[in-house]
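Below is one structure, written out as structure tokens, with a few remarks after it.
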């Protein structure tokens, strides 16, 4: 790994927008070539957490929902925001239960600190697998209208490979898991 120093100089920062989930700032900068410029940064107040539940038969659960920003319906792994003060594993358990109605006895962190859009955002993601599953009623948040789909894990990995799943966290988590478990599926 390179230990390069920061070639950017920040001259000033101003908040352009803020809400409970994000803060958008605009920095006046001197860019790496020495010229003036601006840099917009989206700062996330929460960490992103995703979960890939896997049952003893090799199935997983995906959640489907309409994504406003892309104006499309998307399949993804269960995921959500982890506010400051909440432990990542606690958040993973909460999101899994809220979105799918699944409780898990065992969680395993498979991706840590994944940078989702590092050219404009400081958002980092943490992805777990969940095993030892039991089932209850899901209780999504008021901003979520979710469908839940049980599919073979191999099919979910194929969906990530062929573009039926496009969410970055879902693709990264499923492909990471696919690399580790393809021979045993």
Seminar exercise, completed: Counted residues in region 162-176 being surrounded by fewer than 17 Cβ atoms within 10 Å (Cβ to Cβ) and either over 17 Å from the mean Cα position of the chain (by Cα) or not in a helix (DSSP H, G or I) (or both) come to 4
For this session: Please tell me if residue 20 is outside the structural domain of residue 112 (by TED's automatic domain parsing), assigned to a loop (DSSP other than H, G, I, E, B), farther than 30 Å from residue 94 by Cβ and in contact (Cβ under 8 Å) with a residue 24 or more places away in the chain.
Result: no
Problem set entry | Candidates 65, 115, filtered to the one that is farther than 30 Å from residue 14 by Cβ and either under 15 Å from the mean Cα position of the chain (by Cα) or loosely packed, with under 13 Cβ neighbours inside 10 Å (or both) | 65
Seminar exercise, completed: When restricted to 65, 28, the only residue at pLDDT below 95 and touching a strand residue (DSSP E or B) at 6+ places or on another chain (Cβ under 7 Å) is 65
For this session: Tell me, please, whether a residue that is modelled with pLDDT of 95 or more, assigned by TED's automatic domain parsing to the domain that holds residue 148 and loosely packed, with under 12 Cβ neighbours inside 10 Å can be found in region 44-57.
Result: yes
Exercise. Farther than 30 Å from residue 106 by Cβ, outside any strand (DSSP E or B) and more than 22 Å from the chain's Cα centre (by Cα), is that true of residue 32?
Worked result: yes
For this session: Could you tell me whether region 87-108 includes any residue that is over 14 Å from the mean Cα position of the chain (by Cα), under 15 Å from residue 45 (Cα atoms) and modelled with pLDDT of 95 or more?
Result: yes
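The values are calculated or read from the model by the stated rules, or taken from the named source; none is laboratory data. As the structure is a prediction and not an experimental result, all values here were calculated from the model. All Cβ positions, glycine included, derive from the backbone under ideal geometry; neighbour counts span all protein chains shown.
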